[in-house]
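Please read the structure below before turning to the comments.
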Amino acid sequence: MKQRRVGSVMTDDVVSARHDTSTEDIARWLAEYDINGLPVVDAEDRVIGVISVTDLERGRGSGAGTGLLTAGAVMSAPARTVRADDSVVRAARLMCACGVERLPVVDEEARLVGMVTRRDVLQIFARRDADIRQEVIDQIVVRALWLGRQSVDVAVDDGVVTLSGHLESSGAVAVAVQMTRQVDGVTAVVNRLTSAREAPYCGPV
């Protein structure tokens, strides 16, 4: 089962700065677009750094006037980036590890193609329980396990999925639980499935 990719949630209309863009302009853009950071790119749109409100404040604290500073002087580099085909889960983990709220999205040559924010990521993990249940039934019970829709009882409460019922083998139970854990928005899986025999599951995955 494929998890959602960064490209499906990112914003592709991105405000960016160049190395020589004044911090005065950047401060104005941050306020105008109501954002707290933006990427810095070179002449070929490759991401070379990021600049945030914190970076601007640190620049002001250096004693130089805002209009005298440039993005290159105060940006954080190298920039932490993700690819459009990276999973949303990977982007979320990187944000948490780096303590940032937004990441530039780049192509295979490190050129800027978008921006993904913590809010974009949280929207994925805040899916409705009904939507999660429908995906588990359609994609796992029916398509992966080749079972009827009523073969497994799927209950979802605040992202916690409870699977109940009786399957042919312990291998099928393992597949059902593992695939359910990978569904976007699932925070935990409660396994109440039983099996007829301890045999490996040989069906499609």
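Tabulated values for the structure
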quantity	calculated
Whole-number percent relative contact order across the chain, with pairs defined as alpha carbons under 8 Å at least 6 apart	19
Sparse-neighbourhood loop sites, trypsin sites (Lys or Arg not before Pro) in segment 84-174 - DSSP loop, at most 11 other Cβ within 10 angstrom	Arg128, Arg149
Phi-based couplings in Hz for segment 95-108 (Karplus 6.51, -1.76, 1.60; Gly and Pro marked x)	4, 5, 5, 9, x, 10, 10, 8, 9, x, 10, 10, 8, 5
Calculated FRET value between Arg80 and Phe125, using beta carbons and R₀ = 22 Å, to 0.05	0.65
Vicinal HN-Hα couplings computed from phi for segment 122-131 (Karplus, 6.51 cos²θ - 1.76 cosθ + 1.60; Hz; Gly/Pro x)	5, 4, 5, 7, 9, 5, 5, 4, 5, 5
Contact order normalised by residue count of segment 6-125, Cα under 8 Å, 6+ apart, percent	31
Built amide H within the under 5 Å cut-off of Ser195, gap 5+	Leu167
Likely footprinting exposure, Thr70, Thr162, fewest C-beta neighbours within 10 Å first	Thr162, Thr70
For Gly49, distant residues with modelled amide H under 5 Å away	Val40, Ala79
Sequence-distant residues sharing a close amide H with Asp86 (under 5 Å, placed H)	Val6, Gly7
DSSP-defined antiparallel bridges as percent of all bridges, the chain, nearest 5	60
Residue-wise HN-Hα coupling along segment 49-57, computed from phi with Karplus coefficients 6.51, -1.76, 1.60 (Hz; x: Gly, Pro)	x, 9, 10, 10, 4, 4, 4, 5, 5
Length gained when the stretch Arg118-Ala174 is fully extended (0.36 nm per residue, less Cα-Cα span)	17.0 nm
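No lab work stands behind these numbers, since they all come straight from the coordinates. Just so it is clear, the model here is predicted, and its values are computed rather than measured. Every residue, glycine among them, receives a Cβ derived from its backbone with ideal geometry; neighbour counts consider all protein chains shown.
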